[in-house]
Amino acid sequence: MPYHDILWNEEPDGNVKHIAEHGLTPEDVEEVVFNPVAGDESRSSGLPILYGFTSDGRYVLVVYETIDETTIYPVTAYVVEE
């Protein structure tokens, strides 16, 4: 994965609060982004997505926007129920 920077927005309407609403932390999302097992494109938004596991074994989907060659902004993330 070529990305090195992840932008986190801690404002009330930012991505940190949004992923927390799905029971995830920035650290959970970073585990997936830096060690994905698959990638795809969101059917609803057209944005890129990554799939991967957190250290506690949850299978997580991360939807993100590409900011530049080395930076992404996670839009949302949630646990995928198998």
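The values are calculated or read from the model by the stated rules, or taken from the named source; none is laboratory data. Please read all numbers here as calculations on a predicted model, not as lab measurements. Cβ: placed from backbone, ideal geometry, glycine included. Neighbour counts: every protein chain shown.
Summary of values
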read-out: Positions within segment 36-54 being modelled with pLDDT of 95 or more and among the polar types (S, T, N, Q), in sequence order; value: Thr54
read-out: Of all residues making up segment 30-40, the number that are in a loop (DSSP other than H, G, I, E, B) and aliphatic (A, V, I, L, M); value: 1
read-out: Yes/no for Gly23 being out of contact with any helix residue (DSSP H, G or I) (no Cβ under 9 Å at 6 or more places or on another chain) and either assigned to a loop (DSSP other than H, G, I, E, B) or not small (Gly, Ala, Ser) (or both); value: yes
read-out: Test for His4: is it surrounded by fewer than 15 Cβ atoms within 10 Å (Cβ to Cβ), on the phi < 0 side of the Ramachandran plot and over 12 Å from the mean Cα position of the chain (by Cα); value: yes
read-out: Selection from segment 9-39 of residues that are touching a strand residue (DSSP E or B) at 6+ places or on another chain (Cβ under 9 Å), within 16 Å of Tyr73 (Cα to Cα) and either exposed (fewer than 14 other Cβ atoms within 10 Å of the Cβ) or among the small types (Gly, Ala, Ser) (or both); value: Asn9, Phe34, Gly39
read-out: Search result, residues across segment 41-82 that are part of a strand (DSSP E or B), in contact with an Asp or Glu (Cβ under 7 Å, 6 or more places away or on another chain) and surrounded by fewer than 18 Cβ atoms within 10 Å (Cβ to Cβ); value: Pro48, Tyr59, Thr71, Tyr73, Val75
